[in-house]
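Here's the structure we're looking at; comments come further down.
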Amino acid sequence: SMVPQTFPQRNDLDLYGLMTPAKEVGGDLYDFEIIDNQLYFCLGDVSGKGVPASLFMTQAIRLFRAMAKERRKPSDIANRMNNELSENNDNGMFVTMFIGEADLTTGHLYYCNAGHNPPLLDGEFIDVQPNAPIGLWPEHDFEGEELDSISGKLLFIYTDGLNEAENLAQEQYGEDRLQQTLQQMKSYTARQVVEAFSQSVEAHRNGTSPNDDLTMLAIRCL
């Protein structure tokens with residue numbers, strides 16, 4: 001219930017997300033805030049599984065929402081979240097995250113990748129600075145990046161519950177299949193993309209229980 005269940009109905013944005021936990025509670029997360037014409041969004045994967053990961057995830061979402069409402073840039077959000085989550089973090093938990101700010105008028109994208117899988121834009125992986133996961137090292141300086149415009153293009157962000165999903169033979173879904181599948185869905189809506197991947201991963205697992213939480217977020221600035 002911490003992640004959004006309803007999505008904006010706007011002429012300038014098509015957005016849809018889904019989090020499917022491997023257990024009763026999960027450590028994956030996604031969230032978004034729209035302030036004026038700025039879309040702040042994130043997707044992350046907390047280390048571990050179950051209740052501890054879920055509690056850490058809850059902290060991460062609350063911090064992201066607070067920082068987004070202050071209209072901070074993604075790298076600043078990552079820095080401030082890191083300082084908060086690394087304090088008294090005796091269990092050494094961390095969260096990999098992709099944090100973005102998209103201008104819905106111009107399509108300009110600021111982003112910061114904190115140790116997470118690189119997302120895809122129109123079926124091509126985005127070059128990202130790897131940085132470090134959030135929560136491990138206090139005062140770590142996260143580097144932000146930007147793209148001139150993502151207008152009309154499909155931005156797809158995911159956790160490794162997608163590309164590392166295994167079948168009975170322990171064969172992974174893989175990044176190549178992920179990319180090839182997404183390239184065939186450029187004209188899909190955000191919801192159609194997410195639901196098609198859910199079905200594709202389920203077919204790949206072929207009855208095998210999920211080995212990790214699966215979370216996806218699809219965004220198209222129109």
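Mind telling me which of the residues P52, P21 ends up being in contact with a Gly (Cβ under 9 Å, 6 or more places away or on another chain) and open to solvent by 50 Å² or more (accessible area, probe 1.4 Å)? Within the list P52, P21, the selection yields P52.
When restricted to residues that are farther than 18 Å from D141 by Cα, over 17 Å from the mean Cα position of the chain (by Cα) and open to solvent by 60 Å² or more (accessible area, probe 1.4 Å), segment 55-83 contains 4.
Is one or more of the residues making up segment 145-158 open to solvent by 10 Å² or more (accessible area, probe 1.4 Å) and in contact with a helix residue (DSSP H, G or I) (Cβ under 7 Å, 6 or more places away or on another chain)? No, segment 145-158 has no match at all. Go through the residues of segment 42-59 one by one and say whether even a single one is part of a loop (DSSP other than H, G, I, E, B), in contact with a helix residue (DSSP H, G or I) (Cβ under 8 Å, 6 or more places away or on another chain) and of a type in the set (S, T, Y). Yes, segment 42-59 has at least one match. Can you tell me which residue in segment 159-188 is surrounded by the most Cβ atoms within 10 Å (Cβ to Cβ), limited to those that are touching a Lys or Arg at 6+ places or on another chain (Cβ under 9 Å) and touching a residue at least 40 places away in the same chain (Cβ under 8 Å)? Per the criteria, the residue is A165. Of all residues being at pLDDT 95 or above and surrounded by fewer than 19 Cβ atoms within 10 Å (Cβ to Cβ) in segment 24-34, which is nearest to the chain's Cα centre (by Cα)? Just the residue, please. Restricting to residues being at pLDDT 95 or above and surrounded by fewer than 19 Cβ atoms within 10 Å (Cβ to Cβ), the top hit is E33. Across segment 170-215, the qualifying residues are those that are closer than 28 Å to P8 by Cα and β-branched (V, I, T), and the one among them that is nearest to the chain's Cα centre (by Cα) is T215. Scanning segment 100-137 for residues that are touching a helix residue (DSSP H, G or I) at 6+ places or on another chain (Cβ under 9 Å) and more than 17 Å from I77 (Cβ to Cβ) yields N117, L120, D122, G123, E124, F125.
Checked against (1) crowded, with 16+ Cβ neighbours inside 10 Å; (2) not in a loop (DSSP other than H, G, I, E, B), R191 passes all but a single condition, namely (1). Residue count for segment 123-139 satisfying the condition of being open to solvent by 40 Å² or more (accessible area, probe 1.4 Å) and either in a strand (DSSP E or B) or out of contact with any Phe, Trp or Tyr (no Cβ under 9 Å at 6 or more places or on another chain) (or both): 7.
The values are calculated or read from the model by the stated rules, or taken from the named source; none is laboratory data. Source: prediction; values computed, not measured. Cβ atoms come from the backbone with ideal geometry, glycine included; neighbour counts cover every protein chain shown. The area values use the complete protein model at the heavy-atom level, side chains included, leaving out ligands, DNA and RNA. Shrake-Rupley method; radii C 1.70, N 1.55, O 1.52, S 1.80 Å.
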